[in-house]
1. Say we look at segment 251-286 and pick out the residues that are free of Cβ contacts under 8 Å to residues at least 24 places away in the same chain and within 24 Å of His380 (Cα to Cα); which of these is surrounded by the fewest Cβ atoms within 10 Å (Cβ to Cβ)?
2. From the list Val278, Val245, Val255, pick out the single residue that is in a helix (DSSP H, G or I) and under 23 Å from Gln303 (Cβ atoms).
3. Name the single residue, out of those in segment 199-213 being touching a strand residue (DSSP E or B) at 6+ places or on another chain (Cβ under 7 Å) and over 19 Å from Arg256 (Cβ atoms), that is surrounded by the most Cβ atoms within 10 Å (Cβ to Cβ).
4. Within segment 312-338, take every residue that is farther than 18 Å from Ala86 by Cα and hydrophobic (A, V, I, L, M, F, W, C) and give me the one that is surrounded by the fewest Cβ atoms within 10 Å (Cβ to Cβ).
5. Would you say Ile340 is in the same structural domain as Gly237 (by TED's automatic domain parsing), modelled with pLDDT of 95 or more and in contact with a helix residue (DSSP H, G or I) (Cβ under 7 Å, 6 or more places away or on another chain)?
6. Taking the conditions exactly as written (more than 25 Å from Glu166 (Cα to Cα), at pLDDT 95 or above and not in a helix (DSSP H, G or I)), does Pro365 satisfy them or not?
7. Looking at segment 343-361, which of the residues that are under 24 Å from Ile388 (Cβ atoms) and at pLDDT below 95 is farthest from the chain's Cα centre (by Cα)?
8. Counting only residues that are part of a loop (DSSP other than H, G, I, E, B) and in contact with a helix residue (DSSP H, G or I) (Cβ under 6 Å, 6 or more places away or on another chain), which one in segment 289-302 is farthest from Ile243 (Cα to Cα)?
Amino acid sequence: MIGGQLGLPYFYFYDANAHGPSRALQNVDLRTARHYNRVVARFFLLVASLAVALVSTAEVRAQSGWQKEWEATLAAAEREGQIDIAGPPGDSFRKAIVDGFTKAYPKIKAELFGGSGGNKVARILRERQAGVFGWDLYISGPTSALAGFKPVGAFEPLKPALILPEVKEDKNWVGGFDSGWADIEKKLFYVFGGTLAGDNIYANRDLVSADQIKSARDLLEPRWRGKIVIQDPRIEGKGLTDILVMSLAYGEDFVRRLLSEQKLTVTHDRRQLVEWMVRGQYPIAIGLNEYVLVLFQGKGAGQNIGAVVDPKTAVYWASGSSGIGLFNRAPHPNAAKIYINWLLSRHGQIEWVKTLTNSRRVDVPPSEPKSAMKPGRVYHNVQAEDMIPQRRRIQQLAEEQLR
């Protein structure tokens, strides 16, 4: 008879006078089988070790590849010694954009030109038309940036500038990395932060109880006629964004009625709007700038002014000033790359949220938890390029109704 281990034969002979194989002849080739087993085991161990070594080598090569690029870019950036940024106004943004970066990279001086989107775009376009290319980066909301700079080809594709692996990993961003692109082609302007747009109505709770206004629909009640102030929705700004969100949630007819029937007081002045709310002159506001409100509340005023969170508008988000684009013909291209990677890194976003704007990075605690986007949910950026036609439509509607 023939038996064996692992398919190898060994022989034993049947003894007619016994009840089993002869002990003398049993397992004649057992030692050969055991030797074979050891050889096979060593072979598979060797193959596994080689596989691990190959994977490790690939990882080391990939790691050393981006590290070498980073070190070379950083050295070149330090030789350039400066970066020029057009960005949002205000001390909090200056501290985040300038101070946070220079603390991390002291050999690179950061200069910031802060101002409103419209003013910055107009100035930079005039300079570029005159052959002056003095700016490296544009940090602001995507609407004015894409409307102004994309048609003239002023932006360089951003993705080739991303060197650090962490800034491109989907797991680090709400909705994955690519959901942050604001331009249709997903390559020119990246949005790294923002807040849910459910806070488009603010109320002074000393004058308006929580059950009186629960959603935008309640604003159409006759008792609120003449008691609502709004930042001018005919121009770019939070007033336009908030009215746009209401149009998406409740339709254009709702917006038409709100603007035409409720005798809204319109202002361009963000500080004036908040001051009127604090003084109780107007109990309800649309387009209120929370950064200005925080300044008042920091001095003890307006403590009972807060957002009316409308569940129907909470699926939309506004990026505010949390977007970045890279100008072509930038005077400091290497410093610009270092800055972009720093800003999109965890360390950079920790500095950014000090402006009271939430980050899309899931590993950065939000500065405003109530308006933070939640991982795993789908949101729509109302300041993205594909929303520009609807924004223009709402501006036109506001022009017609606020005469």
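1. Asp253
2. Working: Val245 fails: under 23 Å from Gln303 (Cβ atoms); Val255 fails: under 23 Å from Gln303 (Cβ atoms).
Just a single option satisfies the conditions, and that option is Val278.
3. In this case the residue turns out to be Tyr202.
4. Restricting attention to segment 312-338, the residues satisfying the condition of being farther than 18 Å from Ala86 by Cα are 312-318.
From what's left, hydrophobic (A, V, I, L, M, F, W, C): 314-315, 317-318.
Values: Ala314: 18, Val315: 16, Trp317: 28, Ala318: 24.
The extreme case among them is Val315.
5. No: the conditions fail for Ile340.
6. Taking the combined requirement at face value, the residue does not satisfy it.
7. Thr357
8. Looking only at segment 289-302, we keep the residues that are part of a loop (DSSP other than H, G, I, E, B), and these are 289, 299-302.
In the following step, the residues that additionally are in contact with a helix residue (DSSP H, G or I) (Cβ under 6 Å, 6 or more places away or on another chain) were identified as 289, 301-302.
Numbers: Asn289: 14, Ala301: 27, Gly302: 23 Å.
In this case the residue turns out to be Ala301.
The values are calculated or read from the model by the stated rules, or taken from the named source; none is laboratory data. This one's a predicted model, so the numbers in the text were calculated from it and none came from an experiment. Heads up, the Cβs are rebuilt from the backbone with ideal geometry, glycines too, and the neighbour counts pull from every protein chain shown.
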